[in-house]
Every structure is written in structure tokens, then in C-alpha cells.
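Report on one structure; see the data block that follows.
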Amino acid sequence: MTDRALLTAEALRFAYPEGRFVAHVPRFRLDRGERVACVGSSGAGKTTLLHLLTGVLRADSGRIELNGARLTDLDEESRRALRIRTVGMVFQQFALLDYLCVLDNILLPYLVSEALDLDATVRERARSLAEATGIEALLDRKPGQLSQGERQRVALCRALVTEPPLVLADEPTGNLDATRTDAAMDLLFEVCARHGSTLLVVTHDTRLLERFDRVLQLEECMQVTR
Amino acid sequence: MAGAHARHHRWRSLLLTFCLTVAFLLPATTRQLMSRYERDLSARADTTPLVAGTRGNRFDLTLGALYFRQSALEPVHMGLLEQIQDRGRGVAVPLHTGHLAREATLVGTSLEYYEQRGLRTVTGSLPMMIGDALLGSAVAARLGLGPGDGLNSDPTNLYDINQPGATRLSVCGVLAPTATPDDDAVFVDIKTAWMVSGLVHGHGDVTSPGALEEDMILSRGEDSLSVSPALIEHDQVSEENLWDFHLHASPEELPLTAILYFPADDKDATILKAEFNRSAVHQMVGPRKVVDELLNYAFKIKRLLDGVALVLIISTLIFGGLVLSLTARLRKEEFDMLHAIGCSRSATWKLVALELAGIVTLAAAGAAVGLILLITLAPDLIRVF
């Protein structure tokens, strides 16, 4: 892996235990600072690809290197530690925890992982991110009291609070209207650019593709046998 | 996070806590009740070696003699007490119950009762004279009475002038608390008990010529006089009328509810019991044995209650398990998300377990507080006597 490459995968093979399908990723590469879109229809396996590349799902065979570490050689705990330090995730519908306030939602990776230490610097970073995304006044509120746009900003702050070199977004605008989609993507690009994070977005919204450095077809990245 | 989740879903958490509190509290209360019951019953029985009475239900005799419960047994007579006393070995104590004074059991006995039970007065003295009443601590507290005050016995029948009316008793002292049935009783001399029953009575002179109007005299014999029930009897003993009190029967025939016997030694106890058990009319029982039988019945009920409590706990655990499984299903997306960002599966289960542990701890604390409140605010539920 060259210094430019943040994530590379080769000859990945994964079969769901339930036998739903077998996925095969011949080759995949993300360079540092890139903004890449991966397009595929609903149910084509976009989430499976993201989970394979980040070690949430363990490939049956093949090799993945993430930020200089051989992910496929690591045990479950080490994969989790690498993932939480290296990858920020933005989920479809944002997946905020309705019982935590906005600040705790942003700090969630620190609350659930022993691999990260929650200190004053991290709290300050969370507040700075909230300020940068315009939600600094909402830190004590619960997600149920927020608008869709505000929730999306919280999700973004949570993905970036660990200062990850890679941000993965799984259909981040899937349930937003056109105006809000544009605003959300503006924010995503801006914040990732500010932090120098690589951005991989999986989406089925072709309207957004012009804005990315590279656009991949899911079928090209991952072959699925059902 | 576990606390935040529990607080966010406060009604669900409260419901679960309440169910668990009830599931903990019921068996704890039963256990407390039964152990108190056993302790108090056994302690009272242990300090009363033998009880004599009319042959019949031994539970009635024991409960009547030890706890002053109303007994359906026929009374024994004073002559029996004298027979036992004539043996000159242990101490025989007469007991007469069946009347009330301001709803407290009126217990007629002798001075030996206080000595054998180790009772002492906190104020005043023991009942030395006919008409004196010694109050148990709870009765004194309830009625607010002390030495020098008066206390009326409850009349047996308000509508029958042939029945004895209320007798005015004079409070001579108050006993120290003992946490036994003695606290809830009013003690009088055995003669006073007979006076309340109407067996001993006092009235003015009826034999002197002209002492009574002729229409009050029903019949005249050689050495007897029958007067109308309309003759007013003394309802209170005083220094002036003390010598007016008398009885119209042989003292040996006066009734006793039971006789407590404190034997000189085991041999004395065995001989006396053997003599009584040969009798077709009387019986003598060892209260400890009778109480043990009672406790066996109580423990059967306890086992039943324990079974019910176990079912309650199991059903609550199943209910809790169901809530957990539904929670896990409802929170699947949340747990998947947490796993995706780097949280271990075990950590997510730790969150659930911590929340549940918090609820169980709260429920256990609630049950402990509930039990303490129950003992403090509703002592009659826990108290045997």
C-alpha cells in the first residue's frame, strides 16, 4: 500500500452464514482526501460492502489494509479498536440515540469504547464541531426535539469527533428532500475537507454524483452471487 | 447510558421496578411475619411449663391461658387449684378471663403470676385489694390511665338487669412493657374477676329488721333471705363497703379459665401430668408442645406462601425476560449501529444488564424500605400479640 492509499482491499470473499448471498470484492482502493461515491440500487449490498471494508463483517478470505494496518489479520477486539479510531460513520436516518442528549450522541464513540479516552480535549472538540455545524445551542436537547437537518448535523459531528481519516456515509440523504439533500451534502463535503478526511458515500441518488472525485458502480466493486 | 435509557423510558422502568418490588416484598414480609410469629409464640410457651384446664381442645386451653384468647372450654373450679397447691411442690397460678375493661382482656389471677412471669410495675403497685386493677403497658398508653384513675369493666349485657353491670375498678399500677399479651391486658385479683362476673357481690344490710321494704323481699327462710333483683349492689369497692362483699356459694366451686403450673422440677411435672391425664374431666398440657404443633400448621401455610412467592418471582423473572427480549428486538438497530462504530456485542449487553441491575437494585431497596415501613407503620400486621 502506498502512502496515498488509505484503504485497499484485494480478493475479498464473504458468505453470509444464512446463505443469503456470497460477496466477492476483487479490488478496492481509497486514497487519502478523496471524495468517492459508490452507487447501487437498494438491496444490492452497499451496506455489506461498507461493513466488509471496515471489519464489521469479517471476510472469509482476502486482504484489507486500513490506514497502514492489516485489518484482515486482526482479531475482533483489535478490529473494533482500529475501526473506532479510523472510521467515522454516518448512518441512514442518522441512528441517533433518543435517550441521550445531543452532546452525548456526539461523544458516543467515547462512551461505548474502552479504546478511546474521553477527556476535556475531546469534549472541547465536540463543542467545536457543534459550533462549526451550527448546533452549539442544542447540545442539551434530545434528538426527538431536533429537526431532520439538525439531526443530520449531530450524526456528522459524531462521525468526526474521533478525527477519523475515513468517513463512510451510508445513504446519508436517503430520507431528505432535494433542498435538504444539497445542504446536507454541502455540510458533509465541507466538514470532511476541513478535517482532511476521506469520504466514501454509498447512495442510489444519481443527482449527487457530479460532486464527487470518483464514482464507483457497486457491481464493479463487489460481485454478488445469490 | 444505561441510566439515561432507564430514565428516558421511565414508565416502563417504573412498572418493572414496581413488579419486582412486589415480588421481593411479599416473600420478605411473609418470612418476617413467620419468624416473628415463631419467636413470640415459642418464647411465651417456653416460660409457661404446664397449663391445666377442662378436658377438650388443647389449642383452646393453651391459647386461652397464654394469650388470653376467648376459650369455649368449660371452666375448672377453684377446688382443683387448691388440690394442686396442697401438694406443696410447684407454684399453681389461677387464671380467670372472659371479661373486658374498655375492650382490654380482664385477667383475674394471683400475685404469683407477676412473680413467675417476671413482671414489674413502672408506676404504682400490684393489685393487693379487691377492686384494684393493674394495667398492661399498651392498655395504659391507649387509655391514658395511671394509678389513682378509675376504669369500668365492660357490662356483659346492657339489656338484662340480672346480668352484672359495669364494675368500677381502681387503677393501682402500670406494668413495664414486655412485648407479650400481658401488655394488652388488665390484671385484677381473682376475687375481683369473680366480682365482675357477679359471683362475688356487695350490698347494704338486708337482714336487719326494716332494712328493706317488704316488696323487695321475695321469700324468707329460717337462715336465708331471697330478695328482688332490683336491689342495687355496690358497683365499686371502697373502704366503707369492703366488708359488704361476699359470695353465695362454696369458694371451691368458683370458676377458673385455667391454672398455670410452674413445677418444682421435672419429676414434679411428670407426676402431675400423669395424674391429670388419667382424669376424664381435666387435662394438663405442655404449652411448648402445643405451640410446636401450631407452628407446624403455620409452617405448612408458610411453605404454601413460599411456593406462591416462588411462582410470583418466577413469573416476574419471565416477565422481565420478556421485557428484555422485546427490548433487545426493539433496540436491534441501535445495537447494530453501536457495533458498527466499534462497540463490542458484550458491551451492548452490558448496557442492558446494567440497566436491569439498576432496576433490580432499586426494587430490592424498595422492598427493604417497604418492609421497614410495614413494620413501623403497621406493627399489628407483623406483631403476633
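Please treat every number below as a calculation from the coordinates, not as lab data. Nothing here was measured: the structure is a model prediction, and the numbers come from that model. When we count neighbours, we look across all protein chains shown, and the Cβ atoms used for this are built from the backbone with ideal geometry, even at glycine.
What number does the protein assembly as shown give for Rg over Rh if you use C-alpha atoms and the Kirkwood radius?
Working: Rg = 44.8 Å, Rh = 32.6 Å.
Over the Cα atoms of the protein assembly as shown, Rg/Rh equals 1.38.
Using only atoms on other chains, find how many Cβ atoms lie within 10 Å of each Cβ of peptide A:80-88 and report the average. Don't jump to the answer; show the numbers that get you there.
Details: counts 8, 1, 1, 4, 4, 1, 1, 3, 1.
Partner Cβ neighbours, averaged per residue: 3.
Among bridges DSSP assigns within the protein assembly as shown, what percent are antiparallel (round to 5)? Spell out each step's value before the answer.
On the way: 52 of 80 bridges.
Antiparallel: roughly 65 percent of the beta bridges in the protein assembly as shown.
What order do you get for B:Ile84, A:Ile106, B:Ile313, B:Ile318 when you list them from fewest to most C-beta neighbours inside 10 Å?
Numbers: B:Ile84 23, A:Ile106 30, B:Ile313 15, B:Ile318 10.
Fewest-to-most Cβ neighbours within 10 Å comes out as B:Ile318, B:Ile313, B:Ile84, A:Ile106.
When a/c is below 1.5 the answer is rounded, else prolate if a/b is larger than b/c, else oblate, so apply that to region B:73-197 with a ≥ b ≥ c taken from the square roots of the Cα gyration tensor eigenvalues.
Values: a/c = 1.95, a/b = 1.11, b/c = 1.75.
It comes out oblate by the Cα gyration axes.
Averaging the inverse of every distinct alpha carbon separation and then flipping it gives the Kirkwood radius. What is it for region A:1-68, in angstrom units? Display every interim value, and only then the final one.
Values: mean 1/r = 0.0788 Å⁻¹.
It is 12.7 Å.
Charges on Cβ only, +1 for Lys and Arg, -1 for Asp and Glu, centred on the Cα centroid of region B:79-148; of B:Ile130, B:Thr97, B:Pro147, which one is farthest towards the dipole's positive end?
Result: B:Pro147, furthest along the dipole toward the positive end.
In chain A, what percentage of the DSSP-assigned beta bridges are antiparallel, given to the nearest 5?
Taking every DSSP beta bridge within chain A, about 50 percent pair in antiparallel fashion.
How many Cβ atoms of partner chains, on average, are near each residue of A:100-113 if near means within 10 Å of its Cβ?
Numbers: counts 4, 1, 0, 0, 2, 0, 0, 0, 6, 4, 0, 5, 12, 6.
The mean count of partner-chain Cβ atoms within 10 Å per residue comes to 3.
Quick one: dipole size for region A:34-140, taken about the Cα centre, charges +1 on Lys/Arg Cβ and -1 on Asp/Glu Cβ, in debye to the nearest 20. Walk me through the intermediate numbers first.
Numbers: 12 positive and 16 negative charges, 94 e Å.
In debye, rounded to 20, region A:34-140 gives about 460.
Can you list the HN-Hα couplings for region B:253-263, worked out from phi with the Karplus curve (6.51, -1.76, 1.60; θ = phi - 60°), rounded to whole Hz and with x for Gly and Pro?
Coupling constants for region B:253-263: 8, 5, x, 10, 6, 6, 10, 8, 10, 10, x Hz.
Starting from the exponent 0.38 and prefactor 2.2 Å, build the expected Rg for chain B from its residue count and divide its actual Cα Rg by it.
Numbers: Rg = 31.1 Å, N = 385, 2.2 N^0.38 = 21.1 Å.
In units of the globular-protein estimate, chain B measures up at 1.47.
How would B:His5, A:His51 line up from fewest to most surrounding beta-carbon atoms within 10 angstrom?
Working: B:His5 22, A:His51 19.
Ordered by Cβ neighbours within 10 Å, fewest first: A:His51, B:His5.
Give the Rg (one decimal place) followed by the Dmax (whole number) of region A:70-113, computed from C-alpha coordinates and expressed in Å.
12.6, 37
Of B:Arg117, A:Arg207, how do they rank once you tally other Cβ atoms within 10 Å and put the fewest first? Don't skip to the answer; put the middle values down first.
Numbers: B:Arg117 19, A:Arg207 12.
Listing B:Arg117, A:Arg207 from fewest to most nearby Cβ atoms yields A:Arg207, B:Arg117.
For region B:1-105, with equal point scatterers placed on the C-alpha atoms only and solvent neglected, what are the log10 I(q)/I(0) values from the Debye formula at q = 0.24 1/Å, to two decimals?
Ignoring solvent entirely, the Cα scatterers give -1.27.
Considering only the other residues whose Cβ falls under 13 Å of the Cβ of A:Pro26, what net charge follows from Lys and Arg at +1 and Asp and Glu at -1? If you can, show how the numbers build up before the last one.
On the way: positive: A:Arg13, A:Arg27, A:Arg29, A:Arg63; negative: A:Glu10, A:Glu219, A:Glu220.
Charge balance near A:Pro26 sits at +1.
Which is the longest run of chain A containing none of the GluC sites (Glu not before Pro) found in DSSP loop states (not H, G, I, E, B) with at most 16 other C-beta atoms within 10 Å?
Working: sites that count: A:Glu18, A:Glu114.
Counting only loop sites that pass the neighbour cut-off, the longest clear stretch is A:115-226.
Within chain B, what is the longest stretch that has no GluC sites (Glu not before Pro) placed in a DSSP loop and near at most 14 other beta-carbon atoms within 10 Å?
B:241-385
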